[in-house]
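In what follows, a structure is listed as structure tokens, so that the remarks can point back to it.
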Amino acid sequence: MLTPRRFGPVRTLAVAGGLAAAAALLLISPVGPSCPFKMLGLDGPVCGGTRMLRALLAGDPLRALDLNAFALVVLLPSVVSLFVAGARYELGRARRLWPAGARGTVCAYLLGAGLLLWTVLRNIPVQPFAVLSA
């Protein structure tokens, strides 16, 4: 059995509280931050992500999907699973946050390739790809 880390539950609760506060601010803030890719005239892989989170927190999953499908379908579940893995690690119930060996390498490459492909596809200015821009 793995031994729990010192102050693990306190850190996990602090991170959860911070995420809850960020979600509350997203819901009540009248203006969201702008995307740095927009300054270059491009759509980045997470452009529209803040608006996507706001729509999701407001209970509008179709609008969230329209704003950034990749962030909703791939990145958000990845972040949630990493948060759960981090909580398990802090509580001493897991040995690592990311899969070890070849599985972890393949996961990292797939995620990176997906981000790159999504960025390229959403910046192609012809149909059907123009629909993907934020």
**Message:** Of the conditions (1) farther than 26 Å from Cys107 by Cα; (2) surrounded by fewer than 14 Cβ atoms within 10 Å (Cβ to Cβ); (3) of a type in the set (A, V, I, L, M), Leu42 satisfies every one except a single condition; which number is it?
**Reply:** (2)
**Asked** What number of residues within the stretch 21-47 are under 15 Å from the mean Cα position of the chain (by Cα) and modelled with pLDDT of 70 or more?
**Response** 6
**Asked** What pairs come up if the first residue lies in the stretch 109-134 and is outside any helix (DSSP H, G or I), the second is loosely packed, with under 12 Cβ neighbours inside 10 Å, and their beta carbons are under 8 Å apart, counting only those six or more places apart or on different chains?
**Response** Ile124/Ala130
**Item:** Out of Ala85, Ala113, Ala102, sole residue that is of a type in the set (Gly, Ala, Ser) and under 28 Å from Leu13 (Cα atoms)
**Value:** Ala85
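One line per residue, one yes/no per condition, for (1) of a type in the set (D, E, K, R); (2) under 16 Å from the mean Cα position of the chain (by Cα); (3) more than 22 Å from Gly49 (Cα to Cα); (4) modelled with pLDDT of 80 or more:
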site: Phe70; (1), (2), (3), (4): no, yes, no, yes
site: Ser81; (1), (2), (3), (4): no, yes, no, yes
site: Arg88; (1), (2), (3), (4): yes, no, yes, yes
site: Ala94; (1), (2), (3), (4): no, no, yes, no
site: Ala102; (1), (2), (3), (4): no, no, yes, yes
**Item:** Residues of the stretch 82-97 satisfying the condition of being free of Cβ contacts under 8 Å to residues at least 40 places away in the same chain, surrounded by 12 or more Cβ atoms within 10 Å (Cβ to Cβ) and not in a helix (DSSP H, G or I)
**Value:** Leu97
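The values are calculated or read from the model by the stated rules, or taken from the named source; none is laboratory data. Keep in mind that this is a model prediction, so the values were computed, not measured. Every residue, glycine among them, receives a Cβ derived from its backbone with ideal geometry; neighbour counts consider all protein chains shown.
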